[in-house]
Amino acid sequence: MRYGMMSNFRRSWSKIGARAILPQKQAFLNSYLYSAIAPATGDSFHLLGLEDMDTTTEEIFLIELKKKHPEKNVIVVIDNAPCHRPKVLHAISGITLIYLPPYSPELNPVERFFEELRRATANEIFTTMENLEKRITETVNLWTPEKLKKLCGYKWILEQLGIVN
């Protein structure tokens, strides 16, 4: 998920007949949050503050994810972004990549989680990137495995895993 200093506006309350006046910030400074969520258990892994979304940062993320689960074969379901396709990612021992069909973010449970993070930072101006990252970190930490399981444990995924809801 890309996040940055540009204003993120959502619906807000205002007096009837009066337009809500919200401050804006147009700074083009951003970073990335990489996340993996296991829909069946709610277990999650996050790396915040990566400078870019490219093959190098994707490789760093996958290697760190694998370090968290050294004894397991980790299956990662990802979209078809160009940075996810290079062969170097397939060479990481113990990681299996499965690609979603093109243009199908609704099939990727982590996108639902990212939407909740965007909601937590909406309608607010952050003066520094550190303040924004602090808010994102606080919000990520509020999501317990049980809450993530409810959010990301889509019925069709659990059925394919043989888990009864």
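Observations on the model:
- Looking at R119, R112, R135, just one residue is open to solvent by 60 Å² or more (accessible area, probe 1.4 Å), within 23 Å of M6 (Cβ to Cβ) and in contact with a Cys (Cβ under 7 Å, 6 or more places away or on another chain), and that residue is R112.
- Residues (open to solvent by less than 40 Å² (accessible area, probe 1.4 Å) and either under 18 Å from I136 (Cβ atoms) or in contact with a Ser or Thr (Cβ under 8 Å, 6 or more places away or on another chain) (or both)) located in the stretch 48-61: G49, L50, T57, F61
- Screening the candidates A81, A91 for the property of being free of Cβ contacts under 8 Å to residues at least 12 places away in the same chain and of a type in the set (G, A, S) yields one hit, A91.
- Search result, residues across the stretch 1-15 that are loosely packed, with under 14 Cβ neighbours inside 10 Å, modelled with pLDDT of 80 or more and assigned to a loop (DSSP other than H, G, I, E, B): K15
- Residue-level check: of (1) more than 14 Å from the chain's Cα centre (by Cα); (2) open to solvent by less than 60 Å² (accessible area, probe 1.4 Å); (3) within 27 Å of Q160 (Cβ to Cβ), E71 misses just (2).
- Neighbours by Cβ (under 8 Å, 6+ apart or cross-chain): first from the stretch 61-75, part of a helix (DSSP H, G or I); second of a type in the set (F, W, Y) and open to solvent by less than 40 Å² (accessible area, probe 1.4 Å): F61/Y34; E64/F45; L65/F45; K68/F45
- Options A18, A36; residue that is of a type in the set (A, V, I, L, M), more than 14 Å from N123 (Cβ to Cβ) and modelled with pLDDT of 95 or more: A36
- Subset of the stretch 114-165 [polar (S, T, N, Q), without any contact (Cβ under 8 Å) to a residue 24 or more places away in the chain and not in a helix (DSSP H, G or I)]: T127, T128, N165
- When T41 is tested against the conditions (1) over 26 Å from K150 (Cα atoms); (2) open to solvent by 50 Å² or more (accessible area, probe 1.4 Å); (3) of a type in the set (S, T, Y), the lone failure is (1).
- Matching residues, the stretch 92-109, being part of a loop (DSSP other than H, G, I, E, B), open to solvent by less than 30 Å² (accessible area, probe 1.4 Å) and either over 16 Å from I37 (Cβ atoms) or of a type in the set (A, V, I, L, M) (or both): I92, G94, L100, S104
The values are calculated or read from the model by the stated rules, or taken from the named source; none is laboratory data. Because the structure is a prediction, the values reported are computed rather than measured. Backbone-built Cβ (ideal geometry, glycine too); neighbour counts: all protein chains shown. With ligands, DNA and RNA removed, areas are computed over all heavy atoms of the protein, side chains included. Shrake-Rupley method; radii C 1.70, N 1.55, O 1.52, S 1.80 Å.
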